[in-house]
Amino acid sequence: MLKQNRNWTDNPILSVEHLTMRFGGLVAIDDLSFDVGRGDITALIGPNGAGKTTVFNCVTGFYKPTEGRIALRRDQHATDEALHELTRSGRQYSETDKGSIFLLERMTDFRITEVAGVARTFQNIRLFGGMTVLENLLVAQHNKLMRASGLTIGGLLGLPGYRRAADAAKDTAIEWLRRVDLLDRADDPAADLPYGAQRRLEIVRALCTDPVLLCLDEPAAGLNPRESTELNTLLKYIRDEHGVSVLLIEHDMGVVMEISDHIIVLDYGKKISDGTAAAVRSDPKVIAAYLGVDDEEVDDVERDLNVKTGHDATAGGSL
Amino acid sequence: MEYFLQQLINGITLGSIYGLIAIGYTMVYGIIGMINFAHGEIFMIGSFIALTVFLALAAIGVTFLPLVLLLMVIVAMVCTAAWGWTIERVAYRPLRGSFRLAPLITAIGMSIFLQNFVQITQGARVKPLPPQIQGGLILMNNPNGIVVQISWMQIIIIAMTIVLMAGFSLLISKTSLGRQQRACEQDRKMASLLGVNVDRTISLTFVIGASLAAVAGMMYLLYYGVIDFYIGFIAGVKAFTAAVLGGIGSLPGAMLGGLAIGLIETFWSGYFSVEYKDVAAFSILAIVLIFMPSGLLGRPEVEKV
């Protein structure tokens, strides 16, 4: 079920503009601009070393970009003027009646999750293996709990306000566990789960932070076909029922093509294609990048592309 | 038999004090992988603060003992916690992310600084405190004149330790702060991605460790009746040993290690010679570590290849 409207130009939740990331002499991302539509599943694809994870690291505050702006608009009516104003003011974010905007490149890691509402998972599984499945989900909801417990003192004394918050947190966690079929393993150590279940748990743990944007780094890696299908269902459910926008890096083209509303293709830190699954699939540049052709041939392909789809590429491009 | 019982009681008392200090070592190690060598000095500062409160209260004529003890414990915990927080903020946080040995060196520096600071401000002479709580329960009184007794002070120390340990275990296992603490212990980066304020959690770890050490410091003061600026060193080394013996990073391990070191020391002095009690404690540590490299309750580190 692909949506026909172009959410990413009309109603972006995340706008990455002129992002550049250099590590010494190596340019990992080179003047990259793209938008992620609100309520879309957006896939970031590209050959190995294209800079996909680096983009994630910039968005989630792991890296400070060398240049560029990463703006997250929490609500729809955040205007461009408000964004310019915020950029000039030097502040990290503004929450006014003109809408909440967060400049992620100015924020540090835990604030991005706590205040802006961006959650992420990694390529490798990073669960808290020594804690139970349920506790993993409760850690993700600790901001609510800390406020309710008056910085722990209420929690120790078991005050009613904290109890209520704790029960609510547990309910949320149980709801998610039921959704991913892990309810019967709630009290087992997370490390004891099979691989596919750990992947699912990571995704719902990220969701327990109550994000508006969920960034998943290769969620289907190492899953068997049945598990990838379940993953597709879960991601669609997250998008459709919870209104969470999803940005994912994925190599499994079956997953990407089936669920993505919007695909961005990177190669050597540059965007080479941007559009719907159908548009990207037939883009000669993408094919060239994936099949690995000689430089000269790429030039040929690019010339072809400019002739054939030149106007299309600009329409789907950045601001 | 009576003699054994008496030594057992003494050993448990001493072990409780070591255990409370050892918690601070093991928690800090667990969360940032660093040995906080200044922790012994935190204990020493705790006992000095307790003494100061006692003298201040005596000067203004407050002598009702339960009130005095309560105020001593509260003020010592709060002020020592402030010290712990400040030390982390000033000496360790700026070095987070630099190479592993850097915070270790500042910890040693901090320890020397605190010792000298107390020596200069409080004087180098030992500070006595007349015994405040006397008497005790006579458990056994046999005709040969050997008496087994547990003093009120020992009861207070053991009871206080049990209460603190219970509260602390509850904090770690049941509250949100405890969960955050454990999460940071396992994967700091991931915890911060879930919105956990890692710096604040680390600060709170220091605060909790310091306040437990403050209670230990106060009980040391009341139990032995003399303190000086140097008590932190030996107590710190012993408590560190206890943490390693129990398995560093493991909280029940720290308590168990504390008890073990306390008992070894007491029994050795009771049955063999007082002079070699430290040798005995450290030899047993060495032997245990040869056969159980991760300590009594520590989890072995699994390295993925």
Checklist entry - Could you state the principal axis extents of the C-alpha atoms in the protein assembly as shown, from the largest down, to the nearest angstrom? => result 109, 50, 49
Checklist entry - Residue by residue through the range B:210-223, which ³J(HN,Hα) values in whole Hz follow from phi under the Karplus form 6.51 cos²θ - 1.76 cosθ + 1.60 (θ = phi - 60°), with glycine and proline marked x? => result 5, 6, 5, 5, 5, 5, 4, x, 5, 5, 4, 4, 6, 6
Next on the checklist: Just want to confirm a number: the relative contact order over the range B:1-159, from Cα pairs under 8 angstrom separated by 6+ residues, in percent.
Outcome noted: 30
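Would you mind telling me the antiparallel percentage of the DSSP bridges in the protein assembly as shown, rounded to 5?
So the antiparallel bridges amount to about 65 percent of the total.
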Checklist entry - So what are the three principal axis dimensions of the range B:20-151 from its Cα atoms, in whole Å, longest to shortest? => result 64, 40, 26
Checklist outcome for this item: Sorted by chain and number, the residues with a modelled amide H under 5 Å from that of residue B:139, at a separation of 5 or more or across chains, are B:148, B:149, B:150
Checklist outcome for this item: Rounded to the nearest 10 degrees, the helix B:65-87 long axis (Cα) sits at an angle to the longest Cα principal axis of chain B of 30
Checklist entry - Modelled label-to-label distance, residue A:181 and residue B:113, 7 Å Cα→beta-carbon offset: nm? => result 5.7
Item to check | Semi-axis lengths (Å, descending) of the ellipsoid that matches the C-alpha gyration tensor of the range B:101-245 | outcome: 36, 24, 13
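Please report the projected area of the range B:2-291's Cα convex hull averaged over all directions, in nm².
16.8
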Item to check | Kirkwood-based shape ratio for the range B:148-195, expressed as Rg/Rh from alpha carbons | outcome: 1.33
Checklist entry - Just going by the charge dipole of the range B:2-291, with Lys and Arg at +1 and Asp and Glu at -1 on Cβ, which of B:138, B:180, B:210 is farthest out on the positive end? => result B:180
Next on the checklist: Residues of the range B:191-240 losing 50 Å² or more of accessible surface, assembly versus chain alone, probe 1.4 Å, please list them.
Outcome noted: B:193, B:194, B:195
Item to check | Interchain or long-range residues, amide H under 5 Å from residue A:266's placed H | outcome: A:45, A:46, A:272
Item to check | Solvent exposure of chain B as accessible area per residue, Å², 1.4 Å probe | outcome: 45
Checklist entry - Hey, what number do you get for the protein assembly as shown at 222 nm if only DSSP H runs of n ≥ 4 count, each worth -39500 (n - 2.57), divided across all residues, to the nearest 500? => result -18000 deg cm²/dmol
Checklist entry - For the range B:37-78, what D do you get in µm² per second when you plug the Kirkwood radius from alpha-carbon pairs into Stokes-Einstein at 4 °C and 1.567 mPa s? => result 123
Item to check | Relative contact order computed over the range B:2-291 (Cα-Cα under 8 Å; 6+ residues apart), in percent | outcome: 40
Checklist outcome for this item: With a ≥ b ≥ c from the Cα gyration tensor eigenvalues, square-rooted, and the rule rounded for a/c under 1.5, otherwise prolate when a/b > b/c and oblate otherwise, the range A:1-94 is oblate
Next on the checklist: Quick check on my link table: of A:170/A:236; A:271/B:189; A:236/A:270; A:52/A:285; A:52/A:271, which ones sit more than 19 Å apart, alpha carbon to alpha carbon?
Outcome noted: A:170/A:236; A:271/B:189; A:236/A:270
Next on the checklist: For residue A:63, what residues show an amide H to amide H distance below 5 Å, using hydrogens built from the backbone and excluding near sequence neighbours?
Outcome noted: A:58
Next on the checklist: Between residue B:187 and residue A:240, how high is the FRET efficiency from 1/(1 + (r/R0)^6) when r is the Cβ-Cβ distance and R₀ = 35 Å? Nearest 0.05.
Outcome noted: 0.65
Checklist entry - Can you pull the mean other chain C-beta count within 10 Å for peptide B:178-185? => result 5
Next on the checklist: If you take the accessible area of A alone plus B alone and subtract the pair, what total do you get in square angstrom, rounded to 100, with a 1.4 Å probe?
Outcome noted: 2400
Checklist outcome for this item: Given Cβ charges of +1 for Lys and Arg and -1 for Asp and Glu, the option among A:70, A:92, A:123 whose Cα lies farthest towards the positive end of the dipole of the range A:63-147 is A:123
Checklist outcome for this item: Given all pairs of distinct Cα atoms, the range B:160-239 yields a Kirkwood Rh in Å of 14.5
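The values are calculated or read from the model by the stated rules, or taken from the named source; none is laboratory data. Quick caveat, the model's predicted, so the values are computed rather than measured. Methodologically, a virtual Cβ is constructed for each residue, glycine included, from the backbone with ideal geometry; neighbour enumeration extends over all protein chains shown. When the accessible area is computed, the model is the full protein with side chains, heavy atoms only, and any ligands, DNA or RNA have been set aside. Shrake-Rupley method; radii C 1.70, N 1.55, O 1.52, S 1.80 Å.
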